[in-house]
Amino acid sequence: MSKGVSSSTDKIIVDLSRSHKNKAVAKAVRTTRERLQSSQSGALLFDREMMMMHLGAVLQGATVVPLLVILITAAGTYFSRDLALIGWALIALTFHSVNILIARRANGQEMSAENALKWRKWLLAGQVLNGCGWAYFALQGCDVCQGNTYTLFKGAALLVALSATALANFLLRRSVLFAFAPTAIALGIKTALTRDVLDIGLTAMVVTALVFFIYITDRLFQSNQKLLSFQSEKDDLIAELEVAKSMSDEARRRAEEANLAKSRFLASMSHELRTPLNAILGFSEVMATEVMGPLNNPIYKEYTNDIHRSGQHLLNLINEILDLSRIEAGRYDLNEEAISLLEISEDCIGMVQLRAHGKNITISSQFEPELPSVWADEKSMRQVVLNLLSNAVKFTPQGGEIMVKVGWTAGGGQYLSIKDNGPGIPEDEIPVVLSAFGQGSIAIKSAEQGTGLGLPIVQAILAKHDGQFTLKSKLREGTEVIAILPAKRVLQSLPAVEEAQAVARRKKSFA
């Protein structure tokens, strides 16, 4: 294992050497959850975030209100021919400056849940100051103006101010109400005293607009609150996914290291396992054939035959396990050369014919003629063909048929197909059969059980050759296995190059 990795046999998945990363991610999860659960009501949810956003908006738009006051003062002075609005402008700008100072003071401090509530009260108090300034403007009159011109001007100015205040302060809840409640109260008192139709209309318009903008700002506040909630939930999910990914990566890394260590161990034990088995097989065969003299007890001879068969079975099992282990450990080297898939198939059919005749199984072949050679490892390809043919003979019943085909693929490669009319494999058991040590229900019930490594070895060898393996089977209809070699491994023959006459060497001349 790599340096710093815990080698304990406990079931902790996450490596202790990477705890700093896991702690950081867990801290992010905890902070997000606390933020989600810090408030108990919807009105107080995300106060800190909303307050910070409001302060940023106020400071960025600090010049909007002064420009609006200057424009209204200039227009009012033009209509009234009176400089009284200049005094109102100074008062309004003073109140606005107080609001900016409060916002800067709040923005410079660390904003906690308690501080957010405190500064919200101060900001609402500042809005009341602004409202008093606009109330003073609403009470202004014009002695020289004719008709309802000045009243219409005040109504338009108040609507513009109300809309600007609503857009600039909707992140501060109830700010519009606190900012223009003094104006509505002042207009209401004036209307009650004068009972003028224009004042009544102006008051009704301002109150209606105030109710409308309170509703609009409340909806905007709730929309931003939902967006912050969604953002926090997304952050929480991302943090938890990071934790899960960290645990999954660590578990996968440790599993890969354990599997690689197992494969390396088995690959290095090849000599140690095969040497005693070869001695068992050799000596048991000598005893069974009575080379050194007859065995007095016939039961001993039967025992030696059993020992030889068991040793042969164990050797085959070890060979398959070691082959698969070498492939997984990356120590399975290919000795590639030009070979004929047709010749290998014919040789392998001859090797299994004896077993097939014992079960009265007919093996027929269908080979495409004049197939070119392929660039592959002959020993590995023989193992592929023998494994597939042995499985077909093993699971084909008495009197069955096996069809072997070798030919071209549509992509220019070559394929080997072996099809039998055996019991077949249920569709849901095909992934099990293709896995290491996997056996289907029919193989388990069969008298000729194997190790379950034949097909995984075939897949691994074909993968080393950049090939493909396909298994098609239907229950009670039979099984077909197809091994495919890609077109790049097919050696195409080229026409011979005609010998050309040698070109006479030109003599160099020196002027």
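Every number here is computed from the coordinates shown, using simple stated rules; none is lab data. Predicted model, so just to flag it, every value in this text is computed and none were measured. Here Cβ is always computed from backbone atoms with ideal geometry, including for glycine, and neighbour counts include all displayed protein chains.
Applying 0.36 nm per residue to the separation of residue 247 and residue 428 and subtracting their alpha-carbon distance, the gain on full extension is 62.1 nm.
In plain terms, the chain from residue 302 to residue 139 could stretch by 46.3 nm, reckoned as 0.36 nm per residue minus the Cα-Cα distance.
The order of the peptides 371-381, 240-250, 198-208 by mean Cβ neighbours within 10 Å, most packed first, is 371-381, 198-208, 240-250. Between residue 149 and residue 81, full extension at 0.36 nm per residue minus the direct alpha carbon distance yields a gain of 23.2 nm. If R0 equals 51 Å, the separation of the Cβ atoms of residue 94 and residue 223 corresponds to a calculated FRET efficiency of about 0.90. Comparing Cα centroids, the range 306-325 and the range 389-404 end up 22 angstrom apart.
Rounded, prolate or oblate: which fits the range 321-405 when a ≥ b ≥ c are the square roots of the eigenvalues of the alpha-carbon gyration tensor, with rounded for a/c under 1.5 and prolate only if a/b beats b/c? Since a/c reaches 1.5 but b/c is at least a/b, the shape of the range 321-405 is classed as oblate. When only alpha carbons are used to place a centre, the range 347-386 and the range 58-101 end up 99 Å from one another.
Between residue 346 and residue 379, the FRET efficiency from the beta-carbon distance, with R0 = 22 Å, is close to 0.85. The packing ranking of peptides 67-76, 413-422, highest mean first, is 413-422, 67-76, where packing means the average number of other beta carbon atoms within 10 angstrom of each residue. Using R0 = 60 Å, the C-beta based FRET efficiency linking residue 189 and residue 256 works out to 0.15.
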